[in-house]
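Below: the structure, in structure tokens.
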Amino acid sequence: MKKVLKMLCILLILVCCLPLVSSGRNNYQSVSCPYPLRQITMYNEKTGWGLSLENEVLFTENGIEHFEPVRSLENTDTASGRFASAAFIDQQTAYTACYSFDDNQLIVERTGDCGASWQQTFIDFEDYADICDSGSIFLSFFDARNGYLLCCSTPAAGLMTKLLFFTDNAGDTFYFISDLTDKIVGYPQGITAVSEEQIYIAVTYHGIDSYLYESSDCTRTWECVEIVPRTEDIKYVDGYAPIFYDNEKQKGILLLKIMKEQAVYQLFTTKDGGDNWFLERELPCDTPLHYSIAGDNQIYIIDPSGNVFVSYS
């Protein structure tokens, strides 16, 4: 009888501990999506935007599983790694940016009616061809009319040209404002415009340089943002551009890749506009292409193949 009771106690302990052991998997779940994605922004469970790996702009009012293309960016060539960038402003407004096939123009497109119609802006890039070829490109708007466009060259021996443009008229014109090549070290992975004054650029390079830069004076000066102490067991840190809640701009999230013996992805949160960041949790992901807010304590993560996952705290 004692042996039976002992076995029952052991089984009870194992059953009670099982949720704790498997919680890392239970709070990271696959989301059904008909297109492999590069970017995603959802405003509620039903309505949102996506950018596919084939550079198609997607829109839905019926959930992620019902994404439909509303624009195909014909000037891009995904086979050669020429990907577009998108900035999704609200449920009606979206911007895209890409290089032209001959690399002599930057093409920015805008919609304000959920993708039913689009307006194009062409930026002459020939004047910069001597210092910057067509590498990566990033968009970020802090409202429907004002935003930044970051153009980067292809990497070469750890070097990369970085040119920053600005628009204050909903993309009708973009003004060149700064060459950030000597101010931002590493390879940018994204830009976040909180306001005209406050901008973040996240970078990767696998070196000892900073992984996140911030300007608080309209891009005139840039400071390194250090969130993770550089202990001896950390080989390098890569940054992903932070995301701030649209309504408040005080609350935000930030994803960092911390390379030790193995890569660890940690999610940080802020409640004071980025003055202080606090570790919230580790994410069981690997080399994500993109992440975004999915709701309270939830985020979407896109893996290298374009699959979408949702992570719960």
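Exactly one condition in (1) in contact (Cβ under 8 Å) with a residue 60 or more places away in the chain; (2) under 23 Å from A193 (Cα atoms) is false for C285; which is it?
(2)
Given the conditions (1) in contact with a strand residue (DSSP E or B) (Cβ under 8 Å, 6 or more places away or on another chain); (2) under 18 Å from N44 (Cα atoms), which single one is not true for W277?
All conditions are met except number (2).
Note down all Cβ pairs under 7 Å where the first residue falls in region 244-265 and is of a type in the set (K, R), the second is part of a loop (DSSP other than H, G, I, E, B), and they're at least six residues apart or on different chains.
Note: pairs meeting the criteria are K249/V194; K249/G273; K251/Y245; K251/K271; K260/D233; K260/I234; K260/K235.
Identify all residues within region 252-289 that are among the hydrophobic types (A, V, I, L, M, F, W, C) and more than 17 Å from the chain's Cα centre (by Cα); write none if there are none.
Of the residues in region 252-289, the ones among the hydrophobic types (A, V, I, L, M, F, W, C) are 253-256, 258-259, 263-264, 267-268, 277-279, 283, 285, 289.
Within region 252-289, M259, A263, V264, W277, F278, L279 meet the criteria.
For every residue, the table says whether it meets (1) farther than 27 Å from F176 by Cα; (2) β-branched (V, I, T); (3) touching a Phe, Trp or Tyr at 6+ places or on another chain (Cβ under 9 Å); (4) modelled with pLDDT under 95.
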| site | (1), (2), (3), (4) |
| --- | --- |
| I201 | no, yes, yes, no |
| E214 | no, no, yes, no |
| E232 | yes, no, no, yes |
| Y236 | yes, no, yes, yes |
| L254 | yes, no, yes, no |
| E261 | yes, no, no, yes |
| Y291 | yes, no, yes, no |
| Q298 | yes, no, yes, yes |
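Does G135 qualify as being in contact (Cβ under 8 Å) with a residue 12 or more places away in the chain, on the phi > 0 side of the Ramachandran plot and more than 16 Å from the chain's Cα centre (by Cα)? Step through it out loud before you land on a result.
Details: in contact (Cβ under 8 Å) with a residue 12 or more places away in the chain: yes; on the phi > 0 side of the Ramachandran plot: no; more than 16 Å from the chain's Cα centre (by Cα): yes.
Considered against the rule, which asks whether it is in contact (Cβ under 8 Å) with a residue 12 or more places away in the chain, on the phi > 0 side of the Ramachandran plot and more than 16 Å from the chain's Cα centre (by Cα), G135 comes out as no.
When region 120-148 is examined, which residues are found to be in contact with an Asp or Glu (Cβ under 8 Å, 6 or more places away or on another chain), buried (at least 17 other Cβ atoms within 10 Å of the Cβ) and part of a strand (DSSP E or B)?
If the condition is that a residue be in contact with an Asp or Glu (Cβ under 8 Å, 6 or more places away or on another chain), buried (at least 17 other Cβ atoms within 10 Å of the Cβ) and part of a strand (DSSP E or B), then T121 is the only one that fits.
Identify, please: which residue in region 298-313 is touching a Lys or Arg at 6+ places or on another chain (Cβ under 9 Å) and part of a loop (DSSP other than H, G, I, E, B) and is, among those, surrounded by the fewest Cβ atoms within 10 Å (Cβ to Cβ)? Steps first, please.
First pass over region 298-313, keeping only residues touching a Lys or Arg at 6+ places or on another chain (Cβ under 9 Å): 302, 306, 311, 313.
Filter once more, keeping what is part of a loop (DSSP other than H, G, I, E, B): 306, 313.
Working: G306: 18, S313: 11.
Across region 298-313, the extreme among qualifying residues is S313.
Within region 151-213, which strands (runs of 3 or more DSSP E) (wholly inside it) include 1 or more residues that are surrounded by fewer than 20 Cβ atoms within 10 Å (Cβ to Cβ) and of a type in the set (G, A, S)? Steps first, answer last, please.
Details: elements: 162-167, 175-179, 187-193, 199-204.
Qualifying strands (runs of 3 or more DSSP E): 175-179.
The values are calculated or read from the model by the stated rules, or taken from the named source; none is laboratory data. Being a predicted model, the structure only gives us computed values, none of them experimental. Glycine gets a Cβ as well: all are built from the backbone with ideal geometry, and neighbour counts include every protein chain shown.
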